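First comes the structure, then the notes that go with it.
The values are calculated or read from the model by the stated rules, or taken from the named source; none is laboratory data. Being a predicted model, the structure only gives us computed values, none of them experimental. Reconstructed Cβ throughout: ideal geometry from the backbone, glycine too, with neighbour counts over all protein chains shown. The area values use the complete protein model at the heavy-atom level, side chains included, leaving out ligands, DNA and RNA. Shrake-Rupley method; radii C 1.70, N 1.55, O 1.52, S 1.80 Å.
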Amino acid sequence: MVRLNDLTGWGVLCGLALGVGLWSLTSLIPRLGRPRLATRVAPYLVDISAGARDILSRRTVDPLPVLGALFEPMFARVRGLLGSVLGGTAIIERRLRQSGSPLTVEEFRSRQLVWGIAGAGIGLTGAFLLARAQPIQATVAIGAVSAAAGLALRDRTLLRAATARLARITSELPTVLEFLTLSLSAGEGILDGLRRVGRVSHGEFAGELSRVVTEVNTGVPLAEALNTLAAGMRLAALSRCVEQITGALERGTPLAEVLRAQAQDARDDAKRELLEVAGRKEVAMLVPLVFLILPVTVVFAIYPGIFVLQLGI
């Protein structure tokens, strides 16, 4: 028999889902979803108007633009509180740069907050459906733990994306350096070689070099653009390569030989890392050997003898 409390809880959940759905449909109406005149003019006045910059810096929470516009002030305060509690703004900014994400720290905190709210909602829903007669303290604890799990999961996702992208850049580094060495050996300058690599190659490191060329075209010195790239990536092989290139530019050393040596060093580092990974995986490879292959081999070797002994008895 369904109790009154169960019906009330289900009614609240269904009503909330219905309200969010209707509100989302309402936001899709052209008259309500059409941008205002100030929003349309703001991109053309962003260089001279602080108000235009404030308008462009506002972001709504997808996929509910109406809810995002209503709760954006509250989200901003909660986002600031979340940043002050968790800290690590510099770490988040570095991971966003390493992962190639276009998000800012504030936008990442907003998405992390959404993940926390979603985790709390999932935890509370699961606690309500599985154990309806539990005390309120247990329900609050489950919601808090679920929210913390959602926050940690978003941070972990960013860390994995940054680590994977750094691994791809490390694997692309020797090939790109050799290609750049060929361009320099053919008589091109370092900037023309970087432009050719960014135009012909496809990959993470080639995209970063294209960004360096764009910064140089806007007036930034080449050495400063390369140092900014190395500082943002925090990759040992890339930092060492940038130091050698900038030193060669200052001293007038031939860049082709420097880049060829750096490409060889990068390949040696890749081989050394591969050997280290193989050494670490060697112990893990013993697990299926000891617990799967060896027992099966012993059974196949001993079982026929046991069967013959049983028949003889």
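A few points about this structure:
- Radius of gyration and maximum dimension Dmax of the range 186-313, Cα, Å: 27.6, 94
- Potential lengthening between VAL290 and ARG211 on full extension [0.36 nm per residue; Cα-Cα distance subtracted]: 23.4 nm
- Eigenvalues of the alpha-carbon gyration tensor of the range 91-176, scaled by 5 and square-rooted, set the equivalent ellipsoid semi-axes at 37, 13, 8 angstrom, largest first.
- Heavy-atom accessible area, probed at 1.4 angstrom with all protein chains present, ranks ILE190, ILE92, ILE122 as ILE122, ILE190, ILE92, highest first.
- For the range 224-240, Karplus couplings with θ = phi - 60° (6.51, -1.76, 1.60), whole Hz, Gly/Pro x: 5, 5, 5, 5, 5, 4, 5, 5, x, 7, 6, 10, 4, 5, 5, 4, 5
- Solvent-accessible surface ranking, highest first, for PHE128, PHE108 at 1.4 angstrom: PHE128, PHE108
- Solvent-accessible area of ASP192 with every protein chain in place, 1.4 Å probe, in Å² to the nearest 10: 80
- Computed accessible area, THR297, all protein chains, 1.4 angstrom probe, square angstrom: 80
- Electrostatic dipole magnitude of the range 195-313 [Cβ: Lys, Arg +1; Asp, Glu -1; Cα centre; debye, to 20]: 240
- Only protein heavy atoms count here; on that basis, with a 1.4 Å probe, LEU96 has an accessible area of about 10 Å².
- FRET efficiency for THR228 and ALA17, using Cβ-Cβ distance with R0 set to 41 Å, rounded to 0.05: 0.30
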